[in-house]
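Participant: The structure under discussion is supplied below as C-alpha cells; questions concerning it will follow.
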Protein chains: 2
Amino acid sequence: MNRMLIHLAYDGSGFQGYQKQPNARSVQGEVERALAKMHKAASWPSVSSGRTDAGVHGLCQPVHFDTPLSIPEERWPRALNSLLPDDIHVQSAEPFDGRHARYDAEAKEYVYRMLIAEERDIFRRHYVHQLRQKPDITAMRRAAAHWLGTHDFSALSSPRTDVVDKVRTMYAIDLEENGPEWTIRFIGSGFLYQMVRVMTGTLLEVGYGSRRADSMPALLEGRDRRTAGKTAPAEGLYLSRVFYSPEALERHMRGLSPEA
Amino acid sequence: MNRMLIHLAYDGSGFQGYQKQPNARSVQGEVERALAKMHKAASWPSVSSGRTDAGVHGLCQPVHFDTPLSIPEERWPRALNSLLPDDIHVQSAEPFDGRHARYDAEAKEYVYRMLIAEERDIFRRHYVHQLRQKPDITAMRRAAAHWLGTHDFSALSSPRTDVVDKVRTMYAIDLEENGPEWTIRFIGSGFLYQMVRVMTGTLLEVGYGSRRADSMPALLEGRDRRTAGKTAPAEGLYLSRVFYSPEALERHMRGLSPEA
C-alpha cells in the first residue's frame with residue numbers, strides 16, 4: 001500500500017460540514033465514495049488534516065488515504081474529479097508515505113473574507129460575510145496583535161469540545177483591505193473549535209467600537225468564552241493551507257511579508 | 001391603484017427560470033408570494049420585462065405591479081426584501097403609472113461572463129462559464145461586428161418559440177478582457193429565445209478557430225439555427241438592464257464608449 005496526499009477545494013455551502021455523518025451530505029462522504037469507486041470497494045477510508053463546519057469552505061485542504069493502486073501521482077486528480085460532484089475539486093496529489101495528514105500538520109492557515117457594501121450582494125452570500133459599515137481596521141489590527149504568540153485560547157473558542165489543552169501559537173494575523181474586499185489571514189500551530197470565527201467576531205466588535213483593543217490581554221487571561229465576541233458566520237471562512245514542515249511554513253510566511 | 005416598477009437582482013442558480021410554473025421554484029413565484037403577503041391577498045400579479053431561463057441571473061431586472069397601498073417608493077425595497085428569500089433582492093422602486101415593464105422596453109442589455117483558467121474554480125461554477133484556453137478576442141470582435149444593426153436573427157436563436165418576427169437591432173456587442181475575466185456585453189432592441197447564448201457559443205467557435213469571422217453574413221442570411229454554434233451554458237448569462245426611453249439607452253451607451 002502507498003499513502004497519497006491529495007489537496008481539495010470545496011464549496012462548503014452545499015455540505016453539512018467536512019466530516020462524514022449519517023443522512024447528511026459531507027465532503028468526506030463524497031471523497032470516500034469516489035475513492036471506493038476507484039478501488040471497487042464498498043467504502044474506502046481517508047484522513048483529513050481537520051474538519052470544517054457546515055458552510056465553511058476549503059481552498060487547499062490536505063487529505064490522505066492508503067491505496068494498492070499504482071496510478072502515477074499526476075493522474076489521481078483527474079481520476080477522482082471525474083467521480084466527484086462539481087462542488088469538490090482535487091487540485092493535486094503526491095506520495096505521502098510515513099506521514100499523516102492530521103498528526104504531522106505543523107501549522108495551518110485560515111482566511112476570513114468580508115465584503116463592505118451598503119447594497120446586499122446576493123451572488124456572494126455563500127462566500128463572504130457582508131458588512132454595511134466599514135470597521136476601524138487600525139483598532140482591529142491592534143487587538144489582533146495581542147493574540148500573536150503562545151496563549152490559552154479558551155476565551156476565543158467554543159466550549160463544545162473534548163479538547164483539553166487550549167494552548168496554541170499564533171504566527172500571524174493579517175488584515176488586508178483591498179477596496180470593499182477585506183480578508184483576515186490567520187496562521188497558527190493549530191486552531192480550536194470555531195476559534196477563527198470567534199476571533200473574527202471579536203475583532204469586528206473592536207472595529208465597530210463596542211470593545212477596546214487593549215482589553216484583549218484580560219480577555220485571554222479570563223479564559224471565558226462568554227466574554228468574547230459573537231461567532232462570525234461560516235460563509236466567510238476558508239481553510240486555506242496546511243503546512244507539514246517548519247520550512248514550508250517559513251517559506252509561506254516569507255512570501256507574505258512586505259519586505260520579502 | 002398605482003403602478004410601481006421594482007428592480008430585481010437574483011441568483012438564477014436556485015430557480016427553474018424566471019417564469020412562474022407549477023411544482024418548480026421560480027423568481028416570479030417568489031416575488032408574487034411576497035407581493036401577496038404585503039397585500040394580504042391569496043396571490044398578486046406582476047409583469048416582468050421578460051423571462052430568463054433556468055440558471056440565468058438578473059442584475060437589475062424591472063418588474064411592475066399595481067397596488068392600492070400608499071407606501072413611499074423608498075420603503076418598498078426593504079418591505080419586499082424582508083419577505084423574499086436570500087437569492088432575490090429588490091434594489092429600488094419607482095412610480096410607473098401609464099407604462100408597462102414589457103411593452104415599453106426600448107432596449108435591453110445582457111452580459112455574458114467567462115473565466116479563462118486552466119484549474120477549475122468551483123466557487124464560481126454557477127456564475128461564469130469557465131474556459132481552459134484563451135480564445136482569439138480579435139476574431140470574436142470581427143465576427144460580432146457583422147451582427148450590429150438590424151437583421152433577421154433566426155440563425156442565432158432557438159427555433160422553440162412562437163415568435164414569428166425575428167428581426168432585431170443590435171446597438172452594441174462589446175468584448176471586454178480584464179485579466180482572466182472576460183465579458184461580452186450585448187445591447188439590442190430585443191433578444192429572441194436563447195439568442196445571447198447562441199451568439200456567445202458561435203463567437204467562441206470563432207475564437208477557437210473552428211469557424212471564420214467573415215462567415216457571419218452568410219450565417220445570418222441562411223436563417224438556419226443548425227448552422228450556428230452551440231448554445232453557451234446558462235450560468236454565464238445575466239440580464240443586466242432594460243431601458244424605457246431612447247434617452248436612457250443613449251446615456252448608457254455614451255457612458256460605455258471610451259471617448260465619453
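The values are calculated or read from the model by the stated rules, or taken from the named source; none is laboratory data. Note that this is a predicted model, so its numbers are computed, not measured. No Cβ is skipped: glycine too gets one built from the backbone with ideal geometry, and neighbour counts run over all protein chains shown.
Participant: When you scan segment B:50-68, how many residues do you find that are of a type in the set (Gly, Ala, Ser), within 14 Å of another protein chain (Cβ to nearest Cβ) and within 23 Å of B:ALA36 (Cβ to Cβ)?
Facilitator: So the count comes out to 1.
Participant: How many residues, within segment B:1-22, are within 24 Å of A:ARG125 (Cβ to Cβ) and assigned to a loop (DSSP other than H, G, I, E, B)?
Facilitator: Total meeting the criteria: 7.
Participant: Of the residues that make up segment B:41-49, is at least one among the aromatic types (Phe, Trp, Tyr), over 30 Å from A:GLN91 (Cβ atoms), away from chain A (no Cβ under 14 Å) and part of a loop (DSSP other than H, G, I, E, B)?
Facilitator: yes
Participant: Search segment A:62-91 for residues being closer than 12 Å to A:VAL27 by Cα and part of a loop (DSSP other than H, G, I, E, B), and hand back the single one that is nearest to the chain's Cα centre (by Cα).
Facilitator: Among those residues, the one meeting the criterion is A:ASP87.
Participant: Being free of Cβ contacts under 8 Å to residues at least 40 places away in the same chain and either within 24 Å of A:ASP136 (Cβ to Cβ) or among the hydroxyl-bearing types (Ser, Thr, Tyr) (or both) is true for just one of A:GLY229, A:GLY236. Which residue is that?
Facilitator: Just a single option satisfies the conditions, and that option is A:GLY229.
Participant: Looking at B:LEU35, is it touching a Lys or Arg at 6+ places or on another chain (Cβ under 8 Å) and in contact (Cβ under 8 Å) with a residue 40 or more places away in the chain?
Facilitator: The answer is no for B:LEU35.
Participant: Name the single residue, out of those in segment B:104-153 being under 26 Å from B:GLY222 (Cβ atoms), in contact (Cβ under 8 Å) with a residue 12 or more places away in the chain and of a type in the set (Val, Ile, Thr), that is surrounded by the fewest Cβ atoms within 10 Å (Cβ to Cβ).
Facilitator: So the residue we want is B:THR150.
Participant: Sort through A:GLU205, A:GLU181 and tell me the only one that's over 22 Å from A:THR150 (Cβ atoms) and surrounded by 16 or more Cβ atoms within 10 Å (Cβ to Cβ).
Facilitator: Being over 22 Å from A:THR150 (Cβ atoms) and surrounded by 16 or more Cβ atoms within 10 Å (Cβ to Cβ) holds for just one of A:GLU205, A:GLU181, which is A:GLU205.
Participant: Identify, please: which residue in segment B:137-171 is part of a helix (DSSP H, G or I) and hydrophobic (A, V, I, L, M, F, W, C) and is, among those, farthest from B:GLY58 (Cα to Cα)?
Facilitator: If we take residues in segment B:137-171 being part of a helix (DSSP H, G or I) and hydrophobic (A, V, I, L, M, F, W, C), then B:ALA139 is farthest from B:GLY58 (Cα to Cα).
Participant: Moving on. Name the residues in segment A:53-100 that are at pLDDT below 95 and basic (Lys, Arg), would you?
Facilitator: Result: no residue meets the conditions.
Participant: What are the residues in segment B:7-30 that are more than 14 Å from chain A (Cβ to nearest Cβ) and either charged (D, E, K, R) or in contact (Cβ under 8 Å) with a residue 12 or more places away in the chain (or both), if any?
Facilitator: Listed by number, the residues that qualify are B:GLN16, B:GLY17, B:TYR18, B:GLN19, B:LYS20, B:ARG25, B:GLN28.
Participant: Would segment B:72-92 turn up any residue that is within 12 Å of chain A (Cβ to nearest Cβ) and β-branched (Val, Ile, Thr)?
Facilitator: The answer is yes, given that some residue of segment B:72-92 is within 12 Å of chain A (Cβ to nearest Cβ) and β-branched (Val, Ile, Thr).
Participant: For segment B:222-245, does any single residue satisfy the condition of being part of a loop (DSSP other than H, G, I, E, B) and of a type in the set (Val, Ile, Thr)?
Facilitator: Scanning segment B:222-245 turns up at least one residue that is part of a loop (DSSP other than H, G, I, E, B) and of a type in the set (Val, Ile, Thr).
Participant: A further question follows. Kindly evaluate A:LEU59 against the criterion of being in contact (Cβ under 8 Å) with a residue 60 or more places away in the chain, in a helix (DSSP H, G or I) and under 19 Å from A:PHE15 (Cα atoms).
Facilitator: Taking the combined requirement at face value, the residue does not satisfy it.
Participant: Looking at A:ARG142, is it within 20 Å of A:VAL111 (Cα to Cα) and over 18 Å from the mean Cα position of the chain (by Cα)?
Facilitator: Criteria met by A:ARG142.
Participant: Looking only at segment B:103-136, how many residues end up being more than 13 Å from chain A (Cβ to nearest Cβ), under 27 Å from B:PHE243 (Cα atoms) and either in a loop (DSSP other than H, G, I, E, B) or aromatic (Phe, Trp, Tyr) (or both)?
Facilitator: Qualifying residue count, segment B:103-136: 6.
Participant: I've got another one for you. I need a count of the residues in segment B:174-190 that are more than 24 Å from B:GLY50 (Cβ to Cβ) and either part of a strand (DSSP E or B) or hydrophobic (A, V, I, L, M, F, W, C) (or both).
Facilitator: So the answer is 4.
Participant: Look through B:TYR171, B:TYR110 and report the one residue that is of a type in the set (Phe, Trp, Tyr) and under 21 Å from B:THR231 (Cβ atoms).
Facilitator: Within the list B:TYR171, B:TYR110, the selection yields B:TYR110.
Participant: If A:PHE96 satisfies all but one of (1) more than 12 Å from chain B (Cβ to nearest Cβ); (2) touching a Leu at 6+ places or on another chain (Cβ under 6 Å); (3) under 22 Å from A:PHE15 (Cβ atoms), what's the number of the condition it fails?
Facilitator: Here A:PHE96 clears every test but (3).
Participant: Kindly indicate whether any position in segment A:76-98 is hydroxyl-bearing (Ser, Thr, Tyr), under 30 Å from A:GLN130 (Cβ atoms) and outside the structural domain of A:MET140 (by TED's automatic domain parsing).
Facilitator: Taking every residue of segment A:76-98 in turn, none turns out to be hydroxyl-bearing (Ser, Thr, Tyr), under 30 Å from A:GLN130 (Cβ atoms) and outside the structural domain of A:MET140 (by TED's automatic domain parsing).
Participant: While we're here: So which residues in segment A:23-36 are within 14 Å of A:ASP53 (Cβ to Cβ) and in a helix (DSSP H, G or I), if there are any at all?
Facilitator: A:VAL27, A:GLN28
Participant: How many residues, within segment B:104-129, are out of contact with any His (no Cβ under 8 Å at 6 or more places or on another chain) and over 22 Å from A:TYR238 (Cα atoms)?
Facilitator: Number satisfying all stated conditions: 9.
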